[in-house]
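Please read the structure below before turning to the comments.
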Amino acid sequence: MTRQAIVAANWKMNGDSALVDTMVSGLADIKLSSHVDVVICPSFPYLSELAQKIKAANLNEAIHVGSQNVSEHESGAYTGEISTAMLQNLAISYVIVGHSERRSIYKETSTQVAKKVHAALNAGLTPILCIGESETERASGATETVLSAQLQPVIDEIGIEKFNDVVIAYEPVWAIGTGKTASSAMAQETHQFIRQFLAQQNEQVAAKIPLLYGGSVNAANCEELFAQADIDGGLIGGASLKAEQFKIICSAAKGK
Ligand code: PGA
């Protein structure tokens, strides 16, 4: 069995139609290993445009479009929210759920994140579930407790077998947008913990699930990070806004 590698671009609240064009033309001649998927997650207003332009340019079919968030509710009076049905309607296949910025700035709880994962799965979308500890939590030795507390509500909500259709992104909060990457050894150690935590409940699911690393990944450090036994690609912020850098990062990913 080969485990799928995934490189996901999180544009956050950046980018415009010009970036959509630059990215689509920049990725035209991309060379990807087999068992690699690329997911580009722009802001909501550009999802449809990106999906259409990827199709029109006939890009590698391993390149997909993802959303940065989704509502846990089906429809109704939720001003400013976007539903899973709307994403389905736009042929979006992935959704980032529980990014640390959603958790810290918009106060999303792990219970709410679990409901979003559930809603995404029900709609046939692949959730990229983000987990990660803060700098103080890491310093006080609480990393494993924090990660377990973020994962357990999702396991309770959907059941461990459904993790067959989930991607996890481990992003230490102190490494996001700071230029401070976790060392490859530290990232590997934490990824191994996450896989073992899941293996306690289901070994097959744990062996198969793609575990992405995120936090200041760039063209210079991606190769070493992706070479680690339990790192199956990355969730890329800043470096995903530059087509050349992002291409190098995508090309460094390999299924394991
Ligand atoms: P960064 O962001 O690569 O800019 O650190 C990663 C993320 O927040 O997903």
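Bear in mind that the values in this text are calculations on the coordinates, not laboratory data. Note that the coordinates shown come from a computational prediction; the quantities given were computed from them, not determined experimentally. Glycine gets a Cβ as well: all are built from the backbone with ideal geometry, and neighbour counts include every protein chain shown.
A simple charge model with +1 on the Cβ of Lys and Arg, -1 on the Cβ of Asp and Glu and nothing else charged puts the dipole of the chain at about 280 debye relative to its Cα centre.
I need the chymotrypsin sites (Phe, Trp or Tyr not before Pro) found in segment 21-117, filtered to DSSP loop residues with at most 11 other beta carbons within 10 Å of theirs. Those that pass, being in a loop and sparsely packed, are TYR106. Each residue of segment 232-244 was assigned a 3J(HN,Hα) from its phi angle through the Karplus expression (A = 6.51, B = -1.76, C = 1.60, θ = phi - 60°), giving 10, x, x, 10, 10, x, x, 6, 8, 8, 10, 3, 4 Hz with x at Gly and Pro. Taking every lysine pair in the chain that is 8 or more places apart or spans two chains, those with Cα atoms closer than 20 Å amount to 24. Can you tell me which of PRO172, PRO45, PRO127 moves the most in a GNM of the chain? Springs connect C-alpha atoms under 10 Å apart. Looking only at PRO172, PRO45, PRO127, the biggest GNM fluctuation is shown by PRO45. Rounded, prolate or oblate: pick one for the chain, where a ≥ b ≥ c are the square roots of the eigenvalues of its C-alpha gyration tensor, a/c under 1.5 means rounded, and failing that, prolate if a/b is larger than b/c, else oblate. Rounded, since a/c falls under 1.5.
As a ratio to 2.2 N^0.38 Å, the alpha-carbon radius of gyration computed for segment 170-256 takes the value 1.07. Using 0.36 nm per residue and subtracting the Cα-Cα separation, the extra length available between ASP29 and GLU244 on full extension is 76.3 nm. Length gained on full extension, ILE160 to SER104: 17.6 nm, using 0.36 nm per residue less the C-alpha separation. Extending 7 Å from Cα along the Cβ direction at ALA56 and again at ALA207 yields two label points whose distance is 4.6 nm.
Footprinting exposure proxy ranking of HIS191, HIS99, fewest other C-beta atoms within 10 angstrom first, gives HIS191, HIS99. Taking other Cβ atoms within 10 Å as a rough exposure proxy, ASP230, ASP156 sort from fewest to most as ASP156, ASP230. In segment 48-116, Rg over Rh equals 1.04, where Rg is the alpha-carbon radius of gyration and Rh the Kirkwood radius from pairwise Cα distances. Here the 3J(HN,Hα) profile of segment 128-142, calculated from phi with Karplus coefficients 6.51, -1.76 and 1.60 at θ = phi - 60°, is 9, 7, 9, 9, x, 9, 7, 4, 5, 5, 4, 5, 8, x, 9 Hz, Gly and Pro shown as x.
Working from label points 7 Å from Cα in the Cα-to-Cβ sense, the ASN14 to GLN152 distance is 3.6 nm. On a per residue basis, the convex hull of the C-alpha atoms belonging to segment 17-131 measures out at 116 Å³. Can you figure out the FRET efficiency of ALA139 with SER43, using R₀ = 30 Å and their beta-carbon distance, to the nearest 0.05? In this case the efficiency is close to 0.35.
With neighbour counts taken as other beta-carbon atoms within 10 Å, the residues VAL24, VAL95 rank, fewest first, as VAL24, VAL95.
Quarter the surface of the alpha carbon convex hull of segment 91-195 and you get the mean projected area, 7.0 square nanometres.
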